[in-house]
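Asker: One structure is given below, represented as structure tokens, and several questions about it will come after.
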Amino acid sequence: MALRGPSGAGGGTVARRPGLARIARLLASQEGMLLLAILLLGAVVGAINPRFLAERNLQSILLGNAYVAVAAIGMSMVIICGHIDISVGSLIGVLATLSGTLAVAGLPIPLCWLLPILLGVLITTAMGAMIAFLRIPAIVLTLGMLSILKGGLISVTGGAWISDLPRGYQIAQTAPLGVKMPVLCMLLLTAAAAAWMRYSATGRSFYAVGGNAEAAELSGISRRRTTVLVFAVHGLFVGIAAVLYATQLSVIQSSVPANLELTIITAAVVGGVSILGGAGTVLGATLAAVLIAAIGSALIFVDLSPYWFRAVQGVLILLTVLADLSRRRRRGTLP
């Protein structure tokens, strides 16, 4: 009996400790902290103004910003691989305008959804190829693309509104399985991308190239091929985000959404993706996109100027980058 006591009482406590340790690690992770931040924000702002937690407002936060989370998934992969795309907002504006224009012109609705996605993949693949083979720094190339896309869109359309969209075009307003399409896309794409990045050889190659490109080359991973591929995958998510953005309302403004690229990059970085590459998760990017959207809504409900939103974004980026640099120094991976 004396021998069984420790295994019964003490042993049970010891057996439970690994589970508690896993929970503690989860809460201490970037994703856990983001989830806690979302819940804490909801509790605090909801106590100040209960309307913040109203179903209508929560739906507005998710539905109106799900396309940002989808774009942030692709952006996370690009940054993990050691690059960046600051033309993403302009590309979404161009693809959304193209989708609406094709719909008004009378093309079959499935093509109006599919062609912008394919064009998004082609454009980003071309950018990836120029970065990989011409060795143009990603920030320089995408800055040029931002100006070309944004300037070209305004020059061609004048920022006009696209209306009289055909019936059945607004796929973002549908609710298969009882869940609105933008939220469903956000959830499914996040889960699929997270599994792909974790378990596939291609996903792991993004981490390898972003973490140490020379070592990745020595292990047989082509840096050029990986760069082209990550931008192609990024374009797929940008195209889907553009279609969700174009179809969420009954009209489309032919312009680039203000500061959209900053919001998408912020979601990726605040989600735990290292700006130096080689670390981060797409789940963190999705949670960060939801948190950023919730902060923007919260400022309205606590009667603060919306200009504070950009300041909060800047603070979040700085804090996340400083935390990442601190972790790397402790691990000895940064001078």
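The values are calculated or read from the model by the stated rules, or taken from the named source; none is laboratory data. These numbers were taken from a predicted model, which means no experiment stands behind them. Don't worry about glycine lacking a Cβ; one is built from the backbone with ideal geometry, like all the others, and counts go over all protein chains shown. Quick note on the areas: whole protein, heavy atoms, side chains included, nothing else; ligands and nucleic acids left out. Shrake-Rupley method; radii C 1.70, N 1.55, O 1.52, S 1.80 Å.
Asker: Within the range 156-182, which residues are of a type outside the set (Gly, Ala, Ser), crowded, with 17+ Cβ neighbours inside 10 Å and not in a strand (DSSP E or B)? Step through it out loud before you land on a result.
Answerer: Within the range 156-182, the subset of a type outside the set (Gly, Ala, Ser) is 156-157, 161-162, 164-167, 169-171, 173-174, 176-177, 179-182.
With crowded, with 17+ Cβ neighbours inside 10 Å added as a condition, the list becomes 157, 162, 165, 169-171, 180-182.
If the condition is that a residue be of a type outside the set (Gly, Ala, Ser), crowded, with 17+ Cβ neighbours inside 10 Å and not in a strand (DSSP E or B), then Thr157, Leu165, Tyr169, Gln170, Ile171, Lys180, Met181, Pro182 are the ones that fit.
Asker: Against the definition (modelled with pLDDT of 95 or more, open to solvent by 40 Å² or more (accessible area, probe 1.4 Å) and farther than 20 Å from Gly278 by Cβ), how does Leu229 come out, yes or no? Even if it seems obvious, please write down each step before you answer.
Answerer: Numbers: modelled with pLDDT of 95 or more: yes; open to solvent by 40 Å² or more (accessible area, probe 1.4 Å): yes; farther than 20 Å from Gly278 by Cβ: no.
So Leu229 does not fit the description; no.
Asker: Among all residue pairs at least 6 apart or on different chains, which show Cβ distances below 8 Å where the first residue, located in the range 264-281, is more than 17 Å from Ile38 (Cβ to Cβ) and the second is acidic (Asp, Glu)?
Answerer: Ser274/Asp324; Ile275/Asp324; Leu276/Asp324; Ala279/Asp324
Asker: What's the number of the condition Asp303 fails, among (1) among the acidic types (Asp, Glu); (2) surrounded by 22 or more Cβ atoms within 10 Å (Cβ to Cβ); (3) without any contact (Cβ under 8 Å) to a residue 40 or more places away in the chain?
Answerer: (2)
Asker: Given the structure, is Leu107 over 30 Å from Leu41 (Cα atoms), modelled with pLDDT of 95 or more and surrounded by fewer than 18 Cβ atoms within 10 Å (Cβ to Cβ)?
Answerer: Criteria not met by Leu107.
Asker: Same structure again: If I filter the range 234-254 for residues that are under 19 Å from Asn65 (Cβ atoms), at pLDDT below 90 and open to solvent by less than 20 Å² (accessible area, probe 1.4 Å), do I get at least one hit?
Answerer: yes
Asker: Can you tell me which residue in the range 126-142 is farthest from Ala242 (Cα to Cα), limited to those that are in a helix (DSSP H, G or I) and open to solvent by 40 Å² or more (accessible area, probe 1.4 Å)?
Answerer: Only one residue tops the list, namely Phe133.
Asker: On to the next question. Could you say whether any residue in the range 30-44 is open to solvent by less than 30 Å² (accessible area, probe 1.4 Å) and touching a Phe, Trp or Tyr at 6+ places or on another chain (Cβ under 6 Å)?
Answerer: no
Asker: Of the residues Val183, Val251, Val179, Val233, which is touching a strand residue (DSSP E or B) at 6+ places or on another chain (Cβ under 6 Å) and of a type outside the set (S, T, N, Q)?
Answerer: Val251
Asker: Further question: Between a residue in the range 220-233 that is within 14 Å of Leu122 (Cβ to Cβ) and any residue that is among the hydroxyl-bearing types (Ser, Thr, Tyr) and open to solvent by less than 30 Å² (accessible area, probe 1.4 Å), which pairs come within a Cβ distance under 7 Å, given they are 6 or more apart or on different chains?
Answerer: Cβ pairs passing all conditions: Phe231/Thr124; Ala232/Thr124.
Asker: When the range 55-92 is examined, which residues are found to be among the small types (Gly, Ala, Ser), open to solvent by less than 10 Å² (accessible area, probe 1.4 Å) and part of a helix (DSSP H, G or I)?
Answerer: Residues of the range 55-92 that are among the small types (Gly, Ala, Ser), as a first pass: 60, 64, 66, 69, 71-72, 74, 76, 82, 87, 89-90.
In the following step, the residues that additionally are open to solvent by less than 10 Å² (accessible area, probe 1.4 Å) were identified as 66, 69, 71-72, 74, 76, 87, 89-90.
Listed by number, the residues that qualify are Ala66, Ala69, Ala71, Ala72, Gly74, Ser76, Gly89, Ser90.
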